[in-house]
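The values are calculated or read from the model by the stated rules, or taken from the named source; none is laboratory data. Values in this document were obtained by computation on a predicted structure and should not be read as measured data. Cβ atoms come from the backbone with ideal geometry, glycine included; neighbour counts cover every protein chain shown.
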């Protein structure tokens, strides 16, 4: 080959890069409107999708990537959304649209899902026994019928196997596989030591959706008796979707399962969950129509999207809480009056309007303002009152108070909040240093309980007030980073967990909330929000008792660009 | 030449061994705990301990080090705590994406840098030379993440000239059958012209983003080297002999200036292999840089170690190739078995 020819070929290859930008051989922006291809194909062009669901494929990008899809392993929020779509729990919340079109799940009203009916009986020991009759048309994607044995296997794995799920089950009075009984092929009986609403709430979680026992048995090994390795990247559920393509950390393509018992109610034939790490790019791609639903956007970005007529913002305040922890064993913070002074100096309204851009509601306590049993009278006392703050600071007898507040460097809202709190504390003479930590360093420092003050968010699945208080404020809780301990509060929380009676729960919760207000282990700043932005033509955005974004209800009309 | 090659490969291997030993201990000095990061949300210390045990993070440091070395010998870089997948497989599946991006960026940077740097050197102090100096300052000081966002906003969002900056192919398009892992090449091999065009379009914005700074670096080196060479006595002699301008430029000028230029291109390629993390984040590019970013965030030790080792191997390999090219360009290097310059 001559030198001239070599040079020409090299030049042509380089130029093709630029020329390609002007060619029209393939779809460009808005390429999401067509159906996505199957992961098993080898063809280079897009392939049509099949299965249930009407309309077009929906492309979703949340704040993180899908990593592990074993329901019993803790992973990212995007992973939770996938698990939610793959597994079919026995019960479901009832969803009704609010005035903004958001499907809101009832916290008290449940309906059968994989079960066609269920019956609740009190036990002689004061607990409850729930008998589920499974639907006749339940099938796994491979065509095998879903039986009570599969559900029993799933619960046994949750109780005895690897994963985090077993730590939550004692809250609903389940600690032994013996409490899960197979009556016959389609009848399952669950016995709880407690007679509380929380038992039913738990059974709506996707982590209790049936796993196909025969498949799991095939993939178990002597070192891995519960097939954890296999389930990390494979799906054995009977839910509305199956995994069509899975690239951990990058993209998951779900295909609606035509054999699903409720296939006609599934919104989209395909849902593609993509990882787009940069939130600004996520917002831009939503505005351009390249993706359909975006989550994990900072409040300032969401505010900008509100002006776009093609984008709809779904405010999804949760019962989670963003709080400022005050380590009781760290120097001056052992002084309760100082903690109260800080509590009254915090600029609650500014945090809501300037940091959260009005996208959420006040916290009003660790039992937040939208949570069952929240005491409004106590919640209203969390307000900025500089005179009260000065009074408590004087009462503390402390002078020249110098404190350090740690925040996550990756969280814009925490950094902005810290600056406002710093300014507000300065008004009463408290000097506050702000320390930005990487996510990993922050988690480690919190767990070692070495931080003095820190911003921290917590959300409890099931949204139970006693469950939330148990984690955030009881003496032995591993995430009580404030090292706060009040045995009286522990007793109230323990009683509340085991009590189903609404009036008693309200009474116990109010007493506990008053203790938390008086002792100030932490300052509740705002209710956590899981705001979602979507194209205006997308419907079916929901808000469940896990705050996981439901994928099965997402619908995109064919003309939605 | 064989001795020269042996020396270069030997020193490269020693460098990799040094990195392998150092990286294990360095990542463990960083603040954070991978098991905590993954499991803390459960509120259950037993679960965190379970994760720690599962990934061997509860074993004594020396025992972990022994397993790490044993794994390396067998090509096993460990398992990611975040994804529960083997790190070597994850890195290898992402490497072609990074390499493809880096290769195109280097090619574009080298072509533009050599072309404009060479032209600028023809008339030092002229308009083109002045413009190149301005470009060098702007291009080398521009933050890639900012440039990436601006290019995306203007050329994708406002003008619609490029596709959405997500991934290596548009959503819904399947990759071509894998041969090299480069979608542009594999699609051509499979005769999938549409996919070829799609992959080039997806490459365009990130490549331009990387090439702006890359071009500035190469341009500066070419301009300086060429200015010196073109002012040398042997070039003046060639001019006196009435040789053609193009011949003087290419044979006497460019070839003699190529060793420092090659060094800068080698450095640029090495930087792009390990340092284009921000570009991979902005363009949601599924390469090893993005993998490293998430590994750092989650304190995923095995993933972080794997990334550093892979980058070290690539960088050392690149240096060996560059050194060999020195030998091709300059016979004195071959004979002395020492590189003229080290990168």
What number of residues within the stretch A:496-521 are over 21 Å from residue A:377 (Cβ atoms) and either surrounded by fewer than 16 Cβ atoms within 10 Å (Cβ to Cβ) or free of Cβ contacts under 8 Å to residues at least 24 places away in the same chain (or both)?
2
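Would you point out which residue out of B:97, B:105 is within 26 Å of residue B:262 (Cβ to Cβ), within 14 Å of chain A (Cβ to nearest Cβ) and out of contact with any helix residue (DSSP H, G or I) (no Cβ under 6 Å at 6 or more places or on another chain)?
From the options B:97, B:105, the qualifying one is B:97.
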Of the conditions (1) surrounded by fewer than 20 Cβ atoms within 10 Å (Cβ to Cβ); (2) outside any strand (DSSP E or B); (3) within 14 Å of chain B (Cβ to nearest Cβ); (4) touching a residue at least 12 places away in the same chain (Cβ under 8 Å), residue A:467 satisfies every one except a single condition; which number is it?
(1)
Qualifying residue in the stretch B:211-228 (condition: within 14 Å of chain A (Cβ to nearest Cβ), more than 18 Å from residue B:139 (Cα to Cα) and in contact (Cβ under 8 Å) with a residue 12 or more places away in the chain):
no
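With the structure loaded, tell me whether residue A:187 is under 26 Å from residue A:263 (Cβ atoms) and surrounded by 20 or more Cβ atoms within 10 Å (Cβ to Cβ) or whether it fails that test. Show your work before the answer.
On the way: under 26 Å from residue A:263 (Cβ atoms): yes; surrounded by 20 or more Cβ atoms within 10 Å (Cβ to Cβ): no.
No.
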Scan the stretch A:306-336 residue by residue and report those that are surrounded by 21 or more Cβ atoms within 10 Å (Cβ to Cβ) and in a helix (DSSP H, G or I).
A:333
Restricting to the stretch A:203-230, give me the number of residues that are more than 14 Å from chain B (Cβ to nearest Cβ), surrounded by 17 or more Cβ atoms within 10 Å (Cβ to Cβ) and modelled with pLDDT of 95 or more.
10
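From the list B:81, B:37, pick out the single residue that is within 11 Å of chain A (Cβ to nearest Cβ), modelled with pLDDT of 90 or more and crowded, with 20+ Cβ neighbours inside 10 Å. Reasoning before the result, please.
Numbers: B:37 fails: modelled with pLDDT of 90 or more.
Only one candidate qualifies: B:81.
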With respect to residue A:270, determine if the residue is in contact (Cβ under 8 Å) with a residue 40 or more places away in the chain and either within 10 Å of chain B (Cβ to nearest Cβ) or in contact with a helix residue (DSSP H, G or I) (Cβ under 9 Å, 6 or more places away or on another chain) (or both).
yes
Selection status of residue A:178, over 23 Å from residue A:462 (Cβ atoms), in a loop (DSSP other than H, G, I, E, B) and more than 14 Å from chain B (Cβ to nearest Cβ)
no
Might you let me know whether the stretch B:309-327 holds any residue that is modelled with pLDDT of 90 or more, crowded, with 23+ Cβ neighbours inside 10 Å, within 14 Å of chain A (Cβ to nearest Cβ) and over 26 Å from residue B:229 (Cα atoms)?
no
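Listed residues B:240, B:253; which is modelled with pLDDT of 80 or more, over 29 Å from residue B:312 (Cα atoms), buried (at least 18 other Cβ atoms within 10 Å of the Cβ) and over 19 Å from the mean Cα position of the chain (by Cα)? I'd like the intermediate steps shown before the answer.
Values: B:240 fails: buried (at least 18 other Cβ atoms within 10 Å of the Cβ).
Within the list B:240, B:253, the selection yields B:253.
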Consider residue B:281 carefully, then state whether it is assigned to a helix (DSSP H, G or I), under 30 Å from residue B:156 (Cα atoms), more than 9 Å from chain A (Cβ to nearest Cβ) and under 19 Å from the mean Cα position of the chain (by Cα).
no
Assuming residue A:74 fulfils every condition listed in (1) within 19 Å of the chain's Cα centre (by Cα); (2) closer than 25 Å to residue A:112 by Cα apart from one, which condition is it?
(2)
Give me the residue from the stretch A:248-266 that is over 21 Å from the mean Cα position of the chain (by Cα) and buried (at least 19 other Cβ atoms within 10 Å of the Cβ) and, out of that set, nearest to the other protein chains (Cβ to nearest Cβ).
A:255
Return the residues of the stretch A:131-143 that are out of contact with any helix residue (DSSP H, G or I) (no Cβ under 7 Å at 6 or more places or on another chain) and either touching a residue at least 60 places away in the same chain (Cβ under 8 Å) or closer than 18 Å to residue A:239 by Cβ (or both); say none if nothing qualifies.
A:132, A:135, A:136, A:137, A:138, A:139, A:140, A:141, A:142, A:143
Residue, nearest to the chain's Cα centre (by Cα), within the stretch B:176-185, restricted to residues that are surrounded by 21 or more Cβ atoms within 10 Å (Cβ to Cβ) and at the interface with chain A (Cβ under 9 Å from one of its Cβ atoms):
B:184
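Can you pull out every residue in the stretch B:111-122 that is in contact with a helix residue (DSSP H, G or I) (Cβ under 6 Å, 6 or more places away or on another chain) and either free of Cβ contacts under 8 Å to residues at least 40 places away in the same chain or surrounded by fewer than 23 Cβ atoms within 10 Å (Cβ to Cβ) (or both)? Give the steps one after another, and end with the answer.
Taking the stretch B:111-122 first, the residues in contact with a helix residue (DSSP H, G or I) (Cβ under 6 Å, 6 or more places away or on another chain) are B:111-114, B:116-121.
Those that are in contact with a helix residue (DSSP H, G or I) (Cβ under 6 Å, 6 or more places away or on another chain) and either free of Cβ contacts under 8 Å to residues at least 40 places away in the same chain or surrounded by fewer than 23 Cβ atoms within 10 Å (Cβ to Cβ) (or both): B:111, B:112, B:114, B:116, B:118, B:119.
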Based on what the data block shows, is residue B:46 surrounded by 14 or more Cβ atoms within 10 Å (Cβ to Cβ), within 14 Å of chain A (Cβ to nearest Cβ), touching a helix residue (DSSP H, G or I) at 6+ places or on another chain (Cβ under 7 Å) and closer than 16 Å to residue A:447 by Cβ?
no
So in the stretch A:285-298, with the set limited to residues that are over 13 Å from residue A:58 (Cβ atoms) and in contact with a helix residue (DSSP H, G or I) (Cβ under 6 Å, 6 or more places away or on another chain), which one is nearest to the other protein chains (Cβ to nearest Cβ)?
A:288
Kindly provide the set of residues from the stretch B:187-207 that are in contact with a helix residue (DSSP H, G or I) (Cβ under 9 Å, 6 or more places away or on another chain), more than 9 Å from every other protein chain (Cβ to nearest Cβ) and surrounded by fewer than 22 Cβ atoms within 10 Å (Cβ to Cβ), ordered by number.
B:188
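Quick one: which helices (runs of 4 or more DSSP H) lie wholly within the stretch B:20-102 and hold at least 1 residues that are within 30 Å of residue B:214 (Cα to Cα) and without any contact (Cβ under 8 Å) to a residue 12 or more places away in the chain? Quick ask: steps written out before the conclusion?
Details: elements: B:34-39, B:45-54, B:61-73.
Hits in the stretch B:20-102: none.
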Go through (1) surrounded by fewer than 24 Cβ atoms within 10 Å (Cβ to Cβ); (2) facing another protein chain (nearest Cβ under 10 Å); (3) part of a helix (DSSP H, G or I); (4) in contact (Cβ under 8 Å) with a residue 24 or more places away in the chain one by one and return the number of the condition residue B:293 breaks.
(4)
Would you mind finding the one in A:442, A:453 that is modelled with pLDDT under 95 and touching a strand residue (DSSP E or B) at 6+ places or on another chain (Cβ under 6 Å)?
A:442
Quick check: anything in the stretch A:522-529 over 26 Å from residue A:355 (Cα atoms), in contact (Cβ under 8 Å) with a residue 12 or more places away in the chain and in a strand (DSSP E or B)?
no
